[in-house]
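A short write-up of the structure that comes next.
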Amino acid sequence: MTPGARSLDLMDDRGSGVTRGDRLRAGASGLAAVALGAGLGELASAILLPAASPFASIGGALIDLAPSWAKDLAIGLFGTNDKAALLTGIALVLAAAAFGAGLLEHRRTHAGSAVFALFGVVGAAVAMGRTGMGPLAWVPSIVAGGVGFLVLRALIARLRPSPVGAGDDRRRFLIWTGATAALGVVALAAGSVVRAGARSLEAVRAALRLPAPAASAPSVPETAELGIEGLAPVVTPNRDFYRIDTALVVPRVDPADWSLRVHGMVEREVTLSWDELLAEPLQEADVTLACVSNPVGGDLIGNARWLGLPVRELLARAGIHADADMVLSRSVDGFTASTPLEALTDDRDALLAVGMNGEPLPIEHGFPVRLVVPGLYGYVSATKWVTELEVTRFDRATAYWTTRGWSERGPIKLQSRIDVPSRRRRTEPGETVIAGMAWQQHVGVGGVEVRVDGGAWRRAELATPISDDTWVQWSLPWTAEAGEHDVECRAIGADGDTQTEEIRPPAPDGAQGWHRIRVTVG
Ligand SMILES: Nc1nc2c(c(=O)[nH]1)N[C@H]1C(S)=C(S)[C@@H](COP(=O)(O)O)O[C@H]1N2
Ligand SMILES: [Mo]
């Protein structure tokens, strides 16, 4: 290097004297940023939502955007048209883009980091655009893009000359860049380990064949489903079923390792393995599960056909002490629920469930085994990944949510909801329909009434209920006149009670009040 070049090397990058070394370092910053962004993004996806991989999402967008000559060229270069070559190609394009982003950022702050922000947003949009991925599909790509964005800015800032002296600066820059890239590689490796674990459990689940029920539920009456557009289906597909739990990382329980221990105030402890459970006569039941956190009009509720062993059989085998009044169920993740003993010993279909809508429980819905108890909110009954039933008393033990201010008992309240007309879309004037759902599991719904603009209550038509343990659809013809209208509904329980008007928030024992929506017609 000539003395002249040496002095140029030290010049401010705003001058014309950016050296090749600076450019290499700037490009390397981009590579380190993409390594850590991709690593953490893939790890987040492996843990949260394997289908929402940022690499797959951003790569998918790149492939869609690429002109056909580029695709042909890539195929030509790699010689084959297989997936590995495609993935390598996308990785190379991303690396080149990241290198370029480093150069850009070095020349103008924001210019290169914007490329990362763009990748994050595009990846998130692609993931959100795919159906069935749920509301968190954007997270992994935003993690990837956001981390890349921040890392690039931080590394490029270190490239700017400081009073310390170029040699020290460069050494430190190298250490930071190297460490960032290395961390990215570690995160990528961790992600693929988590992913491999997830795949194998998913494979175990996919290979499972549940036994036929010893006692089948009657088939769902055709007239239970009104088939109105915008109205929740009476049986909720597993992929659309709401999910609520405290698990940051979904517990992964291999059925081969699963067992349930019934202990506490019992004559004899009972332990049940997966094979033993499947050898029992299993029973089917249609039960609507609801979350206590569901606000009036909310959608934290779903209905499925469950397959499992009635809990009362298991408790009978253990022999319950006369003074017990509660069962504290415990999950592998430490979650606990306090269920009144009588809800598990009376004749209702409280199940130790292994099946949901004809398949093994989805992993996030409690695979391999969970509880389902008609008539109680999920937080006091529906323990997923359940491994323990401790027979005890309410005055001796406290469940997870009870210690956090929620009621120790959670019977489901009589509720109803308007699904149609949509609150989001305009309604055409003329003949239309108002429709929704109503429920009070284990009591049943006797009717639903609807009123418009505070007028007289009119009786809606109920679809055929599947059972007292499920929600029921309802509808009412409506001649919609142009303008704004308030539509309200209230349910009448099979026991004759009318849903209360008095509004209460979800805490501590479930929301109540009439559902009211403002509809725009015209
Ligand atoms: N292990 C475990 N089980 C749990 C929970 C939890 O946080 N952890 N949440 C409960 C709550 S509050 C509800 S409403 C239901 C939701 O079940 P789902 O996610 O299958 O819809 O699970 C219950 N079972
Ligand atoms: Mo819940």
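Scoring residue 446 on the criteria (1) within 27 Å of the chain's Cα centre (by Cα); (2) over 15 Å from residue 514 (Cα atoms) leaves a single failure, condition (1). Only a single item in (1) open to solvent by 40 Å² or more (accessible area, probe 1.4 Å); (2) within 21 Å of the chain's Cα centre (by Cα) is not met by residue 120, and it is number (1). Note on region 273-294: residues that are away from ligand 1 (no atom under 13 Å from the Cβ) and open to solvent by 10 Å² or more (accessible area, probe 1.4 Å) total 11.
Residue under question is residue 465, and the condition is that it be within 17 Å of residue 229 (Cα to Cα) and either part of a strand (DSSP E or B) or not assigned by TED's automatic domain parsing to the domain that holds residue 372 (or both); does it hold? Taking the combined requirement at face value, the residue does not satisfy it.
Considering only region 404-418, I want to know if a residue exists there that is more than 30 Å from residue 336 (Cα to Cα), more than 16 Å from ligand 1 (Cβ to nearest atom) and of a type in the set (S, T, N, Q). No, every residue in region 404-418 fails to be more than 30 Å from residue 336 (Cα to Cα), more than 16 Å from ligand 1 (Cβ to nearest atom) and of a type in the set (S, T, N, Q).
Does region 367-385 contain any residue that is in contact (Cβ under 8 Å) with a residue 24 or more places away in the chain, open to solvent by 10 Å² or more (accessible area, probe 1.4 Å), at negative phi and among the β-branched types (Val, Ile, Thr)? Checked region 367-385: no residue is in contact (Cβ under 8 Å) with a residue 24 or more places away in the chain, open to solvent by 10 Å² or more (accessible area, probe 1.4 Å), at negative phi and among the β-branched types (Val, Ile, Thr). The set of residues from region 249-270 being in a loop (DSSP other than H, G, I, E, B) and within 14 Å of residue 332 (Cβ to Cβ) comprises 249, 250, 251, 252, 253, 254, 258. Evaluate region 434-452: report whether one residue or more is open to solvent by 70 Å² or more (accessible area, probe 1.4 Å) and more than 22 Å from residue 302 (Cβ to Cβ). Looking through region 434-452, none of the residues is open to solvent by 70 Å² or more (accessible area, probe 1.4 Å) and more than 22 Å from residue 302 (Cβ to Cβ).
Does any residue of region 406-420 turn out to be in contact with a strand residue (DSSP E or B) (Cβ under 8 Å, 6 or more places away or on another chain) and closer than 30 Å to residue 209 by Cβ? No, that holds for no residue.
Conditions tested, residue by residue: (1) charged (D, E, K, R); (2) under 23 Å from residue 348 (Cα atoms); (3) away from ligand 1 (no atom under 11 Å from the Cβ).
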| site | (1), (2), (3) |
| --- | --- |
| 360 | no, yes, yes |
| 371 | no, yes, no |
| 383 | no, yes, no |
| 394 | no, yes, yes |
| 398 | no, no, yes |
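Is it the case that residue 339 is over 30 Å from residue 228 (Cα atoms), of a type in the set (Ser, Thr, Tyr), in contact with a Leu (Cβ under 7 Å, 6 or more places away or on another chain) and surrounded by fewer than 20 Cβ atoms within 10 Å (Cβ to Cβ)? No; evaluated as a whole, the condition is false for this residue. Residue 393 meets all of the listed conditions (1) open to solvent by 20 Å² or more (accessible area, probe 1.4 Å); (2) under 29 Å from the mean Cα position of the chain (by Cα); (3) of a type outside the set (Asp, Glu); (4) not assigned by TED's automatic domain parsing to the domain that holds residue 480 but one, namely (2).
Residue pairs whose Cβ atoms lie under 8 Å apart, sitting 6 or more positions apart in sequence or on different chains, and linking a residue in region 287-316 that is without any contact (Cβ under 8 Å) to a residue 60 or more places away in the chain to a partner that is within 15 Å of ligand 1 (Cβ to nearest atom) and open to solvent by 10 Å² or more (accessible area, probe 1.4 Å), are 300/242; 300/244; 300/291; 300/293; 300/294.
Among the residues of region 238-249, what is the count of those that are more than 16 Å from ligand 2 (Cβ to nearest atom) and out of contact with any strand residue (DSSP E or B) (no Cβ under 9 Å at 6 or more places or on another chain)?
So the count comes out to 3.
Among the residues of region 257-272, the ones that are touching a Gly at 6+ places or on another chain (Cβ under 7 Å) and either buried (at least 17 other Cβ atoms within 10 Å of the Cβ) or in the same structural domain as residue 445 (by TED's automatic domain parsing) (or both) come to 1 in all.
The values are calculated or read from the model by the stated rules, or taken from the named source; none is laboratory data. What you see is a predicted model; the values in this text were computed from it and never measured. Every residue, glycine among them, receives a Cβ derived from its backbone with ideal geometry; neighbour counts consider all protein chains shown. Areas reflect the complete protein model, heavy atoms only, side chains present, ligands, DNA and RNA absent. Shrake-Rupley method; radii C 1.70, N 1.55, O 1.52, S 1.80 Å.
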